[in-house]
Amino acid sequence: MNQKEFLSIVMPVKDRLYRVAKRLLVSSEEAEDAVQEVFLKLWKGKSKMKNYRSPEAFAMTMTKNYCLDRLKSKQAANLKIVHNNFHHSDDVARQVEANDGVSIVFRIMETLPEQQKLVLQLRDVEQFEFKEIAEILDSNETAVRVSLSRARKAVREQLIKQYNYGVS
């Protein structure tokens with residue numbers, strides 16, 4: 001088996017191997033190293049590869065076993081420490097995006113009429129019941145529901161404008 005044949009077999013499964021390794025090892029760098037090690041082992045045993053019914057399944061099994069061995073090794077203690085301190089950049093990005101979204105909603109709420117702003121604050125932020133809001137505002141529940149509906153609709157429309165960058 002030459003290099004071209006080998007690459008045609010293993011390259012289509014590279015992403016799958018990486019995802020398995022990442023799921024087990026958590027760290028992106030460790031997962032990349034694991035995939036490289038598996039590729040190296042596959043290359044060394046390329047003459048036997050034709051004997052396997054599914055080279056992809058064999059590569060997946062090798063990846064899984066390599067990752068589990070890594071976790072059991074002496075270096076696993078270091079990996080666990082790194083993993084406990086490791087914060088996913090995706091999580092940070094999601095958190096920043098969520099905080100940004102909340103601040104946008106609060107800015108939009110400031111533009112609402114006083115009654116709608118107050119109803120939205122009491123119901124969606126403070127989690128009061130409609131009956132309690134009606135008592136606080138000296139109003140009836142139907143008026144509170146209508147006001148809340150209008151406030152939510154206004155916020156939704158402004159959010160859509162904001163996230164569509166004014167393009168409709």
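The values are calculated or read from the model by the stated rules, or taken from the named source; none is laboratory data. Remember, it's a predicted structure, so these values are computed and weren't measured experimentally. In this analysis, Cβ positions are derived from the backbone assuming ideal geometry, glycine residues included, and neighbour counts consider all displayed protein chains. For the accessible areas, the whole protein counts, side chains as well, though only heavy atoms, and no ligand, DNA or RNA atoms are used. Shrake-Rupley method; radii C 1.70, N 1.55, O 1.52, S 1.80 Å.
Below are the figures for this structure:
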read-out	value
Long-range neighbours under 8 Å by Cβ, at least six apart or interchain, first residue among the basic types (Lys, Arg) within region 96-120, second assigned to a helix (DSSP H, G or I) and modelled with pLDDT of 85 or more	117/151
Residue count, region 94-123 (criterion: more than 17 Å from residue 152 (Cβ to Cβ) and at pLDDT 85 or above)	0
Close pairs from region 33-58: first over 14 Å from residue 14 (Cα atoms), partner open to solvent by less than 100 Å² (accessible area, probe 1.4 Å) and in a loop (DSSP other than H, G, I, E, B), Cβ under 8 Å, at least 6 apart	46/1; 47/1; 49/1; 50/1
Top-ranked residue in region 124-166 [being open to solvent by less than 80 Å² (accessible area, probe 1.4 Å) and part of a loop (DSSP other than H, G, I, E, B); ranked as modelled with the lowest pLDDT]	166
Residue 91 open to solvent by less than 80 Å² (accessible area, probe 1.4 Å) and at pLDDT 85 or above	no
